[in-house]
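For reference, the structure is listed below as structure tokens.
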Amino acid sequence: MTGLGKLGGRTWVVTAAALIVLIVVNAVLQHNFLEPSVVQSNLTTFLPLVLVAIGQTYVILGGDIDLSVGAIVALVNVVTVTVIAAFGGDGTAVVLGLMIGMGVGAGCGLLNGLIIAGLRFQPIVTTFATSIVFSGLALWVLPQAGLPVPEPYWRTYAGTILGVPTVYVIYLLAFLLAAFLAARPFMTRLKAVGGLRAAAFQTGLDLGRLRVSAFVLSGLYGAFASLCLTGETASGDPLMGQSLAMSAISAVVLGGTALAGGVGGTLGSVLGALVVGMIGSVIFFAGLPFEYQTLVQGLIILAALAGGVLVTRR
Amino acid sequence: MQPVLRASDISKSFGAVRALDKARLTVERGEIHALLGANGCGKSTLCKIIAGTVGRDTGEVLIDGKAAALGSPRLAEAEGVALFYQELSLVPQLSVGENIFLGREPRERLGFTDRAAIARETEALIARVAAVAGKGFTPDARVADLTPDQRQLAEILKVLARQPKIIIFDEATATLDRRQVEVFFDILRELKAEGVSSIFISHRMDEVFAIADRITVMRNGQTVAEFAATETDRYAVVYAMVGETGAIAASVRDHRPLEGDARLVVEGARAARLGPVSFTARCGEILGLGGLQGQGQKALLAGLFGAEPFQSGHVSLDGVDVTAGRPADAMAHRIAYVSGDRGRDSALPGRSIFENTAIASLVRERRHVIPGALFRERFADVLAGLNTRYAGLDAPIGSLSGGNQQKVFISRWLSPAPGLLLLDDPTKGIDLGAKGDFYLLARKLADEGATVIIYSSEDSELLSLCDRVLVLNGGAITADLTGDRLTPFELTRASYGDAA
């Protein structure tokens, strides 16, 4: 096999290279870019996208797609802040809010999975429809942005745990969970389901359970992202996270996971999410007029995707 | 000693079709058992029932003397039965090792996959077939990067890793070359020495007598004979497959003598599992393609029509090169194709009968608009000529029975009449009356000068309709049967690659 051929299915190598280029460019544009406080602030900004991208990876590996994760983020946010407020805003209320928020995220994923794997609906249409349902529920729970979370919540998020910034602890926990799953047969079986469903069935794998599990993970990681965003905004917002689903799918693809399923992994998706985040950061510090920023950002993501595709196509 | 497998009184119907009628099969421990029969005799259905992929209506399967639960492939596997699939159970994106242990991965602490154990055990399995493994056949190799016969080897290893008592090999040697077949046989003999039994479906009589200990023959869903391989010969086996009535030499058909020059000339046609094959056909001839299912007949028809173009080779019709790169090329040369898989290959579902008939004219006559009145009259006449029963040209195609639908699909090609008509198992699932109309039409078109090539999964259809039958085996033409030699006996014998 040639050197280029070995890259087949390893788009993430290209993405890692793109990330290094972006870091260099950003460091030139922004002199204090590599200072610890700036690094931490950037990683805090990217964290929700990284989490959603990790969750989305499981769904895509299994041959499905989850467009509803942005709406799940909003729903988890409003449910969490509402629960915290309803129980008086003390420490117990916050813990209860976090638990219920995660439960809502996992529950939304379970619903997606049951409809798609159980009733055999098309994932793209189903999750588009459920995203409207989840958004509608979010608006019903909290019609207007507001309802602040208690100070300890966002102080802890912006602060440290045992001397380590909380954001880094969350990165670490998210990676540990991803690594734990990657080391178990679950990951290989999920790839089999997304790779060739007929073969996975002939081999006796429980396709339904694997696909539902992937959607639950996506919902759960969506909930993690939502709780982080809540730490940043410190209040409820039923319209939160609207662009997250599509950004995360771009990140997953940039990270070398095939949209058709069966090939890829979460490490690549993390790199992809960082690239998508850094592109926004580079454009901001390049001093482009505001009205061009989104256009240029779109074009750069498109170019990055094209680069990955061209390399893997040999 | 009691047999490892005893299946008795197994019956199974699919709708009105009785696939198995009190069939039986007994396999001793550590024997290689060949299961033979003509197309549609029920041997594949019987194997699927034993492997748990198809349920049975009645009957009993004993494994080691105990009633076996075979409700799903997983349950059958737990009972010690493994079915060898042709590549279908391998995931191309995963490695050889991951595929072999998929769903039953060895674990270490915390439930983590024991990758070292997978690598080690896969290595040991590969060592057993080292002689033919070829380059790059390692535990880490992605299945997508393997050659087709390495994939087949991986499939065999996957079955072996499950350490079954009984392995069912359905046409396992179909894609292997001579040397690989020898290695495959070595594996079978090794399994036999370990006390593992194999049920072996093959399309080659040579192979059956080279490897099998015992032979069971099926016909029309019933078990008709059981032989010890050393105490019988291939004639006795073929007679059992055909049955007494079928063995009568010359049939009472009125086939016209073949005369005139070849008008269709196929030279060196080659496709994925076909050829190269060369043959000719005359004006007014109905040429059958026979043999067991999946021996390249469909690939040949699809290639002639350009639906799956030949990789190489030439086709000429009346001296004109008609090697088709796509169906539109074939249509331009008055080549027509009707498939038995109506839903996949023919129907515009939800559309009217008129649209389903007129569609081919867009391409054949290079039209962009169909002149409604003119064409309605034209197709109403054609459909009436075929005894088609329908409410009106605007009724949806789905409102018709299978037989009447098939008449609609063939009527696409009748005005103007085709020069070469390709029929791919065209009467599958249609009623007897419609079949009769279909045969009459094929004969009429041939009499008017068309050449008709038909593949049928029913030998009786070929025997009653065709002037001549080419028998395919493993993608090659193994016999060219005409006149007195066009008998059930010769057809079955040639189907098993045992040409005179």
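Yes/no matrix, rows are residues, columns are (1) in a helix (DSSP H, G or I); (2) surrounded by fewer than 21 Cβ atoms within 10 Å (Cβ to Cβ); (3) among the polar types (S, T, N, Q):
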residue: A:Gly241; (1), (2), (3): no, no, no
residue: A:Ala251; (1), (2), (3): yes, no, no
residue: A:Gly256; (1), (2), (3): no, no, no
residue: A:Leu259; (1), (2), (3): no, yes, no
residue: A:Leu271; (1), (2), (3): yes, no, no
residue: A:Thr294; (1), (2), (3): yes, yes, yes
residue: A:Ile300; (1), (2), (3): yes, yes, no
residue: A:Ala304; (1), (2), (3): yes, no, no
residue: A:Gly307; (1), (2), (3): yes, yes, no
Among residues of segment B:223-244, those that are of a type in the set (S, T, N, Q) and crowded, with 16+ Cβ neighbours inside 10 Å, counted: 2
Some residue of segment B:140-161 being surrounded by fewer than 18 Cβ atoms within 10 Å (Cβ to Cβ), more than 23 Å from the chain's Cα centre (by Cα), over 12 Å from B:Phe84 (Cβ atoms) and free of Cβ contacts under 8 Å to residues at least 12 places away in the same chain: yes
Pair list, Cβ < 7 Å and 6+ apart or interchain, from segment B:90-116 residues that are more than 20 Å from B:Arg74 (Cα to Cα) and at the interface with chain A (Cβ under 8 Å from one of its Cβ atoms) to residues that are buried (at least 21 other Cβ atoms within 10 Å of the Cβ) and of a type in the set (Lys, Arg): B:Gln93/A:Lys191; B:Leu94/A:Lys191
From the options B:Gly52, B:Gly30, B:Gly103, residue that is crowded, with 21+ Cβ neighbours inside 10 Å, under 26 Å from B:Leu125 (Cα atoms) and in the same structural domain as B:Thr138 (by TED's automatic domain parsing): B:Gly52
Wholly within segment A:36-124, helices (runs of 4 or more DSSP H) carrying at least 3 residues that are more than 30 Å from A:Ile283 (Cα to Cα), at pLDDT below 95 and of a type in the set (Asp, Glu): none
Number of the exception - B:Gly398 against (1) part of a helix (DSSP H, G or I); (2) crowded, with 23+ Cβ neighbours inside 10 Å: (2)
Test: residue in segment B:122-129 that is within 14 Å of chain A (Cβ to nearest Cβ), surrounded by 15 or more Cβ atoms within 10 Å (Cβ to Cβ), in contact with a helix residue (DSSP H, G or I) (Cβ under 7 Å, 6 or more places away or on another chain) and of a type outside the set (D, E, K, R): yes
Among residues of segment B:130-146, those that are among the β-branched types (Val, Ile, Thr) and within 14 Å of chain A (Cβ to nearest Cβ), counted: 2
Segment B:64-89 - residue that is in contact (Cβ under 8 Å) with a residue 24 or more places away in the chain and of a type in the set (Gly, Ala, Ser) and, of those, nearest to the other protein chains (Cβ to nearest Cβ): B:Ser89
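Identify all residues within segment B:213-226 that are assigned to a strand (DSSP E or B) and within 13 Å of B:Ile32 (Cβ to Cβ); write none if there are none.
Correct list: B:Arg214, B:Ile215, B:Thr216.
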Matching residues in segment B:480-499 - criterion: being surrounded by 22 or more Cβ atoms within 10 Å (Cβ to Cβ) and free of Cβ contacts under 8 Å to residues at least 24 places away in the same chain: B:Glu490
Residue that is closer than 29 Å to A:Leu310 by Cβ and touching a helix residue (DSSP H, G or I) at 6+ places or on another chain (Cβ under 6 Å), where the choices are A:Leu47, A:Leu19: A:Leu19
Test set (1) modelled with pLDDT under 90; (2) surrounded by fewer than 21 Cβ atoms within 10 Å (Cβ to Cβ) - B:Ala116 fails condition number: (1)
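Examine segment A:153-163 for a residue that is under 19 Å from A:Gly105 (Cβ atoms) and away from chain B (no Cβ under 14 Å), and state whether such a residue exists.
Looking through segment A:153-163, at least one residue is under 19 Å from A:Gly105 (Cβ atoms) and away from chain B (no Cβ under 14 Å).
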Any strands (runs of 3 or more DSSP E) falling wholly within segment B:445-500 and containing at least 3 residues that are closer than 21 Å to B:Lys428 by Cβ: B:451-455, B:468-473
Among (1) buried (at least 24 other Cβ atoms within 10 Å of the Cβ); (2) more than 14 Å from every other protein chain (Cβ to nearest Cβ), the one test that A:Gly264 misses: (2)
Members of segment A:177-204 found to be more than 16 Å from A:Leu267 (Cα to Cα) and facing chain B (nearest Cβ under 7 Å), listed by number: A:Pro185, A:Arg189, A:Ala192, A:Gly195, A:Leu196, A:Ala198, A:Ala199, A:Ala200, A:Gln202, A:Thr203, A:Gly204
Lone qualifier among B:Leu465, B:Leu422, B:Leu440 - being over 27 Å from B:Arg378 (Cα atoms) and either assigned by TED's automatic domain parsing to the domain that holds B:Ala38 or aliphatic (A, V, I, L, M) (or both): B:Leu465
Segment B:418-439 - residue that is more than 24 Å from the chain's Cα centre (by Cα) and modelled with pLDDT of 85 or more and, of those, surrounded by the fewest Cβ atoms within 10 Å (Cβ to Cβ): B:Gly419
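The values are calculated or read from the model by the stated rules, or taken from the named source; none is laboratory data. Remember, predicted model here, so these are calculated numbers, not experimental data. Methodologically, a virtual Cβ is constructed for each residue, glycine included, from the backbone with ideal geometry; neighbour enumeration extends over all protein chains shown.
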